[in-house]
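For reference, the structure is listed below as structure tokens.
The values are calculated or read from the model by the stated rules, or taken from the named source; none is laboratory data. Not measured: the values here are computed from a predicted model. Cβ placement follows ideal geometry from the backbone for every residue including glycine, while neighbour counts extend to all protein chains displayed. Protein only, heavy atoms only, side chains kept; ligands, DNA and RNA dropped before computing areas. Shrake-Rupley method; radii C 1.70, N 1.55, O 1.52, S 1.80 Å.
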Amino acid sequence: MNSELLQKYAQLIVKVGANVQKGQKVRLTTEVDQAPLAVAITEECYKAGAAHVEVLWQCGKVKKLDYQYASTEVLGTVEKWEEEKGRQMVEDLPVRIFIESADPDVLNGISPDVISTVTKMRSSVMKKFRDQIDGKHQWVIAAAASPAWAKKVFPGVEEAEAVEKLWDAILSCVYLSEDADPEAIWTAHTEKMTEKANWLNEQQFTELRYKSSNGTDFSVQLIPGAKWSGARDFNHDNKVYYVPNLPTEEVFNSPMRGKCEGRLVSTKALSWSGQLIDEFIVDFKDGKVVDCQAKVGEETLKKMFAIDEGSSMLGEVALVPKESPINQSGLMFYNTLFDENACCHVAVGGGFGEVIEGYIDMTKEELFEKGINDSLIHVDFMVGSDDLDIVGIKEDGTEVPVFVNGTWA
Ligand code: ZN
């Protein structure tokens with residue numbers, strides 16, 4: 001990766017993704033192996049007028065050692081100063097930038113039980129802070145190539161070459177190249193996705209039905225009036241648009257909590273909490289997961305659905321055509337940010353309050369009443385296939401094709 005292109009990528013993350021404004025504080029979270037990108041992003045943030053950039057360094061290998069040697073009690077405990085930091089975040093509403101580059105298998109060998117217990121202990125304390133900043137700050141998740149991740153995506157390829165190949169894949173998925181004008185490309189891309197979302201909103205579907213030859217046969221009810229959206233999000237605090245995911249190809253909504261039936265068959269592997277889950281089937285009844293089977297990671301999958309009441313119910317439905325550049329790359333990234341933008345998916349766990357009109361003035365409880373699921377987790381899994389058909393049902397029973405053979409009808 002040459003330094004010019006790296007700087008251009010940092011610019012895309014800061015200007016298009018986070019859309020950092022004059023005077024804003026920024027929190028950048030990144031793995032220790034991404035120092036050059038972190039420096040470039042920090043520089044772009046300051047050039048955009050950021051008041052301060054705070055970098056939070058992480059290291060997957062250290063995290064694994066924590067799990068191997070420290071007690072669950074210690075790892076799950078949120079220290080007073082961390083809570084204080086959470087409170088400060090609610091006050092400051094910093095722009096948050098997350099750079100993902102971790103090895104998808106980093107926590108392999110650690111008991112799923114311990115991971116889910118720690119996740120639960122920490123989330124139950126920190127969730128209130130996240131809830132309070134929801135819709136009121138800008139954030140973005142983007143990716144960077146690390147040796148461990150690159151070797152997973154390109155097995156058998158020599159390390160340095162694998163890293164180069166992964167960088168190429170990442171940049172082409174976000175439409176970045178030496179001669180591209182990223183801001184112009186992204187303006188066109190976000191407009192195209194807004195059009196799709198607008199079409200879905202006009203249709204006012206009450207239900208979606210999924211069918212594929214792989215065994216997927218599923219229906220989900222939608223919340224009346226809940227808005228579909230794609231690519232761009234809005235910070236209600238300072239009225240700034242931003243793009244929370246780079247890449248992004250999905251048009252999404254939160255479905256009616258507890259109202260779905262049937263079987264979903266996964267079409268891509270899922271990496272959750274550093275553990276791999278692959279080739280799985282999930283059965284829903286009365287809106288809840290009632291059974292699941294997986295060739296890889298079944299125990300982890302079961303633990304995930306059992307985290308709390310909401311983790312066995314849907315919080316998201318998202319439509320992604322099979323022409324997405326992520327899908328076209330033919331790569332399995334073992335990273336949700338990419339794999340979820342390759343094809344249609346759903347997520348179990350917390351829903352997005354933002355789909356409800358006027359949500360910013362509503363409480364979590366009011367949104368829950370409206371049908372937005374609540375949970376400590378939100379985990380996407382992929383169900384899009386080359387022959388997936390999705391039909392939208394209107395209130396009067398009219399059926400409208402939404403997806404035919406894995407793409408927009
Ligand atoms: Zn999604």
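Can you work out ³J(HN,Hα) from phi for every residue in the stretch 32-46, in order, using Karplus 6.51 cos²θ - 1.76 cosθ + 1.60 and θ = phi - 60°, giving whole Hz and x for Gly and Pro?
Karplus-based 3J(HN,Hα) across the stretch 32-46 equals 4, 7, 10, 4, x, 5, 4, 5, 4, 5, 4, 4, 5, 4, 5 Hz.
Expressed in nm to one decimal, what extension gain is obtained for the pair Lys63 and Ala306 from 0.36 nm per residue of sequence separation less their Cα-Cα distance?
Gain on extension, Lys63 to Ala306, equals 85.1 nm.
Longest exposed-loop-site-free stretch of the chain, with GluC sites (Glu not before Pro), DSSP loop and at most 15 other Cβ within 10 Å?
It works out to 179-322.
For the pair Glu73 and Val404, how long in nm is the line joining their label points, each one 7 Å along Cα→Cβ?
Going from the Glu73 label point to the Val404 one covers 6.3 nm.
With all protein chains present and a 1.4 Å probe, how do Lys211, Lys322 order by accessible area, largest first?
Per-residue accessible area, sorted high to low, gives Lys211, Lys322.
Place a +1 charge on the Cβ of each Lys and Arg in the stretch 255-373 and a -1 charge on the Cβ of each Asp and Glu, then give the dipole magnitude about the Cα centre in debye, rounded to the nearest 20.
320 debye
Counting only C-alpha contacts under 8 Å and six or more residues apart, can you give the relative contact order of the stretch 154-257 as a whole percent?
For the stretch 154-257, the relative contact order is 23 percent.
With r as the distance between the Cβ atoms of Glu191 and Leu56 and R0 = 35 Å, compute the FRET efficiency 1/(1 + (r/R0)^6) and round to 0.05.
0.55
When a/c is below 1.5 the answer is rounded, else prolate if a/b is larger than b/c, else oblate, so apply that to the chain with a ≥ b ≥ c taken from the square roots of the Cα gyration tensor eigenvalues.
Rounded, because the longest to shortest axis ratio a/c is under 1.5.
Leaving ligands and nucleic acids out of the surface, order Val243, Val400 by accessible area at 1.4 Å, largest first.
I get Val400, Val243, largest accessible area first.
Just to be sure I follow: if Rg is taken over the C-alpha atoms of the stretch 12-82 and Rh is the Kirkwood radius over the same atoms, what is Rg/Rh?
1.11
Starting from the 7 Å offset along Cα-to-Cβ, what nm value, one decimal, do you get for the label separation of Lys80 and Glu261?
5.5 nm
For the stretch 134-149, list residues with backbone N below 16 Å from a point placed 7 Å from the Cα of Ala180 toward its Cβ?
142-145
In square angstrom, what is the accessible area per residue of the stretch 175-243 with a 1.4 angstrom probe?
Per-residue accessible area for the stretch 175-243 comes out at 52 Å².
Under 10 Å, Cα contacts only: if you run a Gaussian network model on the chain, which one of Ala143, Ala50, Ala180 comes out with the highest mean-square fluctuation?
Most flexible of the set in this elastic network: Ala180.
About its Cα centre, how strong a charge dipole does the chain have in debye, to the nearest 20, once Lys and Arg get +1 and Asp and Glu get -1 at the Cβ?
660 debye
Percent relative contact order of the stretch 47-120, based on C-alpha pairs within less than 8 angstrom and at least six residues apart?
Rounded, it is 55 percent for the stretch 47-120.
For Asp237 and Arg130 in one chain, what is 0.36 nm times their gap in residues minus the Cα-Cα distance, to one decimal in nm?
37.0 nm
As an exercise, use a Förster radius of 56 Å and the Cβ-Cβ distance of Asp361 and Glu164 to find the FRET efficiency, rounded to the nearest 0.05.
The calculated FRET efficiency here is 0.70.
Averaging sequence separations of C-alpha pairs under 8 Å and six or more residues apart, then dividing by the length of the stretch 94-239, give the relative contact order as a whole percent.
24 percent
Binning at 10 angstrom from zero up to the longest distance, how are the C-alpha pair distances of the stretch 55-111 distributed in percent?
Percent of Cα pairs in each bin: 18, 38, 36, 8.
Compute a Gaussian network model of the chain, connecting alpha carbons closer than 10 Å, and tell me which residue from Ala102, Ala226, Ala306 fluctuates the most.
Of Ala102, Ala226, Ala306, the Gaussian network model singles out Ala306 as fluctuating most.
Quantify, in whole percent, the carbon and sulfur part of the accessible surface of the stretch 36-98 (1.4 Å probe; protein heavy atoms only).
Roughly 55 percent, rounded to a whole number.
Looking at Pro244, Gly225, Leu270, which one has the Cα that reaches farthest to the positive end of the dipole of the stretch 184-301 (charges on Cβ: Lys, Arg +1; Asp, Glu -1)?
Projecting each Cα onto the dipole axis, the largest value belongs to Gly225.
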